[in-house]
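Working notes, structure below.
Values in this text are rule-based calculations from the coordinates and carry no lab data. None of the values given here were measured: they were computed from a predicted structure. FYI the Cβ positions are ideal-geometry reconstructions off the backbone, even for glycines, and counts take in every protein chain you see.
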Amino acid sequence: MRILLTVLFIILALQLAIMPSPSVAGRTAEKTLELVGGLVTGGGVAKDSENRTGPVLMASAEKPTVPMAKEGAMLEEVLKSISWLGHDCFLIAGKKNIYFDPYQITSGPTADIIFISHEHFDHCSPDDVKKIQGPNTIIVTEKDSAKKLTGNIKIVQPGDKITISDVLVEAVPAYNTDKNFHPKSNKWLGFIVTVNGVRLYHAGDTDFIPEMKDVNTDIAFIPVSGTYVMDAQEGIKAALAINPKVAIPMHYGAIVGSEADAKAFAEALKGKIRVEILKKK
Ligand SMILES: [Zn+2]
């Protein structure tokens with residue numbers, strides 16, 4: 001008996017000596033907990049008294065859903081911070097106030113960043129820029145618009161990736177395929193901007209172009225008016241190719257296009273892509 005105890009003691013001492021580092025031990029404990037959770041819940045899904053299935057909020061089921069829920073909450077948060085100021089102009093208000101293509105606006109919080117897609121007067125409007133430009137405002141745009149503006153201007157080309165005061169900016173192409181208002185050779189812009197981990201794509205003045213298949217975004221602002229840019233029918237194809245979590249129609253209600261275009265766009269995408277038609281502010 002005494003020998004057996006001594007052997008047990010030696011084994012115990014040896015185990016203590018070769019014990020894994022705390023992090024490894026922690027992970028092991030976590031895994032065990034997961035396993036127990038899985039056994040207790042018998043998987044991640046259960047039926048309630050009314051026979052509806054739903055996730056069981058226990059260790060095993062909770063793990064994958066928490067980051068997704070957080071992501072979803074952040075998407076809703078960013079969506080709430082978006083104001084449509086008419087035509088192609090949006091304000092994303094928050095720690096950083098971000099504007100796209102300010103045009104016919106009254107006023108607004110001072111901009112941290114203003115994105116201007118191209119030099120046409122309904123996108124690059126120096127008078128409107130002045131209403132929201134402060135001493136620290138950075139304007140991100142292409143070479144032609146830059147000539148019409150003053151202040152801190154960063155000139156970019158399609159394909160460029162830059163970070164402006166913690167905001168990741170990707171410049172992407174925007175051009176016409178069956179009309180000549182926005183030639184590809186002008187290198188005018190769309191933008192993909194990441195705000196609080198949520199990606200927003202502002203398409204600029206464009207038709208449905210092959211590059212859209214490579215756009216990876218949560219929210220997409222898509223033109224629907226026709227004439228100078230794609231119409232609602234092309235917009236639908238573009239939205240399906242981009243496949244964002246939320247599509248927001250733009251480029252109507254001023255110059256060309258009406259809310260009917262936005263509604264046709266939303267109607268056709270029902271059940272496929274969530275569309276939010278914003279009220280003009
Ligand atoms: Zn234009």
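Less than 14 Å apart at the alpha-carbon level, and either on another chain or at least 8 residues along: which aspartates and glutamates does that give for K130?
Correct list for K130: D101, D112.
In nm, give the distance between the simple-model label positions of N243 and D214, each being 7 Å from the Cα along the Cα-to-Cβ direction.
Result for the modelled spin labels: 1.7 nm.
Could you pull the Rg and Dmax for the range 134-188, using just the Cα atoms, both in Å?
Final numbers for Rg and Dmax: 12.8, 41 Å.
Scaled to the compact-protein estimate 2.2 N^0.38 Å, what is the alpha-carbon radius of gyration of the range 72-275, rounded to two decimal places? Please report the intermediate quantities before stating the final value.
Details: Rg = 15.4 Å, N = 204, 2.2 N^0.38 = 16.6 Å.
Relative to the rule-of-thumb radius for its length, the range 72-275 sits at 0.93.
Using 0.36 nm per residue of separation minus the Cα-Cα distance, give me the extension gain between Q157 and K130 in nm, one decimal.
7.4 nm
Please report the equivalent ellipsoid semi-axes of the range 101-162, computed as sqrt(5 x eigenvalue) of the Cα gyration tensor, largest first, in whole Å.
Whole-Å semi-axes of the equivalent ellipsoid: 18, 13, 9.
For a 27 Å ceiling on Cα separation, which of these pairs sit above it: K143/K245; K80/K131; K131/K237?
Values: K143/K245 32 Å; K80/K131 23 Å; K131/K237 36 Å.
Too far apart for the 27 Å limit: K143/K245; K131/K237.
With the cut-off at 20 Å, report for the range 214-281 the share of all Cα pairs above it, as a whole percent.
18
Give the residue list of trypsin sites (Lys or Arg not before Pro) in the range 100-204 that are DSSP loop and have at most 15 other beta-carbon atoms within 10 angstrom.
K147, K148, K179
Quick one: grab the alpha carbon gyration tensor of the range 119-213, order the square roots of its eigenvalues as a ≥ b ≥ c, and give me rounded if a/c is under 1.5, else prolate or oblate depending on whether a/b is larger than b/c. The partial results should precede the final answer.
Details: a/c = 2.03, a/b = 1.21, b/c = 1.68.
The shape class here is oblate.
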